[in-house]
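Report on one structure; see the data block that follows.
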Amino acid sequence: MKIALIGYGKMGKAIERLALEAGHDIVAKVGRGAESSFSLPVDTDVAIEFTRPDAAVANIQACVEQGIPVVCGTTGWYRQLPELSAIISQKQGALLYAPNFSIGVNLFMEVNRVLARLMSQQPHYRAELSEIHHTEKLDAPSGTAIALADDLIANHKGYSSWSNSDAVKNDHLPITALREPGVPGTHGLSYSSQCDEISLTHKAHNRDGFASGALFAAEWLKGKTGIFTMKDVLNLNQLT
């Protein structure tokens, strides 16, 4: 498979290493500062985009305009998804986006949805989310933490919104977001009562889980049209 990397930071380099080990070709590398004005080789099978929230939409559109499917791991731009959807539909393009491509994290997300439905019947338990990332991460809470919160709220009748602080209302789900040097990503979910606590944690040991998941998603997306998420890649839609 011929892959273009849009964004050549730590994630881009990790994806490149794993892609070459798997026998793929890297046909283009677009570094920071050149995004949205690039032209990719016509034989590019898929582009993998990891840049910044303010650049992602233009980068995705540039790939779609060139007829190249794109896997996007940048977060913080999802409010612009409706306008992108119209362009992708018109061009018969392909986009696969996710706040996190780690297989483990996506399974964690599915457990979160199921557990929220169960705990919705147990109002004496209060939920809380936490996340820790490296100091270079720009968004806080992380896109993954927000996705976890949105899924929990959608499946739990006790919460209407989330707050990036201690919850000031009973129907607000608190998210604690910390930034520490060298942390690839840790996400925690807990339900506490006066008697006990249920806790789930996903802790990344390095970037390879994110990179291999993005590469797996790129392999899955090749030849498809439409807009997809990791739920499609992992066949999780049939479970919810």
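The values are calculated or read from the model by the stated rules, or taken from the named source; none is laboratory data. Not measured: the values here are computed from a predicted model. Methodologically, a virtual Cβ is constructed for each residue, glycine included, from the backbone with ideal geometry; neighbour enumeration extends over all protein chains shown.
On the given criteria, is Gly23 outside any strand (DSSP E or B) and surrounded by fewer than 20 Cβ atoms within 10 Å (Cβ to Cβ)? Give the steps one after another, and end with the answer.
Details: outside any strand (DSSP E or B): yes; surrounded by fewer than 20 Cβ atoms within 10 Å (Cβ to Cβ): yes.
Against the criterion (outside any strand (DSSP E or B) and surrounded by fewer than 20 Cβ atoms within 10 Å (Cβ to Cβ)), Gly23 qualifies.
Right, Ser102: touching a Phe, Trp or Tyr at 6+ places or on another chain (Cβ under 8 Å) and buried (at least 18 other Cβ atoms within 10 Å of the Cβ) or not? I'd like the intermediate steps shown before the answer.
Values: touching a Phe, Trp or Tyr at 6+ places or on another chain (Cβ under 8 Å): yes; buried (at least 18 other Cβ atoms within 10 Å of the Cβ): yes.
Yes.
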Where the second residue is surrounded by fewer than 17 Cβ atoms within 10 Å (Cβ to Cβ) and modelled with pLDDT of 95 or more and the first is not assigned by TED's automatic domain parsing to the domain that holds Thr144 and lies in segment 155-175, which pairs have Cβ atoms under 7 Å and are six or more apart or on separate chains? none
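Select from segment 85-110 the residues that are farther than 24 Å from Ala149 by Cα and in contact with a helix residue (DSSP H, G or I) (Cβ under 8 Å, 6 or more places away or on another chain) and list them in ascending order.
First pass over segment 85-110, keeping only residues farther than 24 Å from Ala149 by Cα: 86-94.
If the condition is that a residue be farther than 24 Å from Ala149 by Cα and in contact with a helix residue (DSSP H, G or I) (Cβ under 8 Å, 6 or more places away or on another chain), then Ile87, Ile88, Lys91, Gly93, Ala94 are the ones that fit.
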Among residues of segment 170-198, those that are surrounded by fewer than 11 Cβ atoms within 10 Å (Cβ to Cβ) and under 22 Å from Phe101 (Cα atoms), counted: 3
Can you report the number of residues in segment 155-198 which are of a type in the set (Asp, Glu), out of contact with any Pro (no Cβ under 7 Å at 6 or more places or on another chain) and in a loop (DSSP other than H, G, I, E, B)? 3
Ala214 - would you say it is touching a helix residue (DSSP H, G or I) at 6+ places or on another chain (Cβ under 9 Å) and farther than 28 Å from Ala127 by Cβ? yes
Please find, within segment 58-84, the residue that is surrounded by the fewest Cβ atoms within 10 Å (Cβ to Cβ) out of those that are more than 23 Å from Asp150 (Cβ to Cβ) and among the polar types (S, T, N, Q). Gln66
State whether the residues of segment 155-169 include one that is surrounded by fewer than 17 Cβ atoms within 10 Å (Cβ to Cβ), at pLDDT below 95 and in contact with a Phe, Trp or Tyr (Cβ under 8 Å, 6 or more places away or on another chain). no
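Run down Ile15, Ile103, Ile88 and say which single residue is out of contact with any strand residue (DSSP E or B) (no Cβ under 9 Å at 6 or more places or on another chain) and either touching a residue at least 12 places away in the same chain (Cβ under 8 Å) or not assigned by TED's automatic domain parsing to the domain that holds Ser142 (or both).
Numbers: Ile15 fails: out of contact with any strand residue (DSSP E or B) (no Cβ under 9 Å at 6 or more places or on another chain); Ile88 fails: out of contact with any strand residue (DSSP E or B) (no Cβ under 9 Å at 6 or more places or on another chain).
Sole residue among the options that is out of contact with any strand residue (DSSP E or B) (no Cβ under 9 Å at 6 or more places or on another chain) and either touching a residue at least 12 places away in the same chain (Cβ under 8 Å) or not assigned by TED's automatic domain parsing to the domain that holds Ser142 (or both): Ile103.
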Taking Ser212, is it touching a residue at least 24 places away in the same chain (Cβ under 8 Å), out of contact with any Cys (no Cβ under 7 Å at 6 or more places or on another chain) and not assigned by TED's automatic domain parsing to the domain that holds Val111? yes
In segment 204-240, how many residues are at pLDDT 95 or above and at positive phi? 1
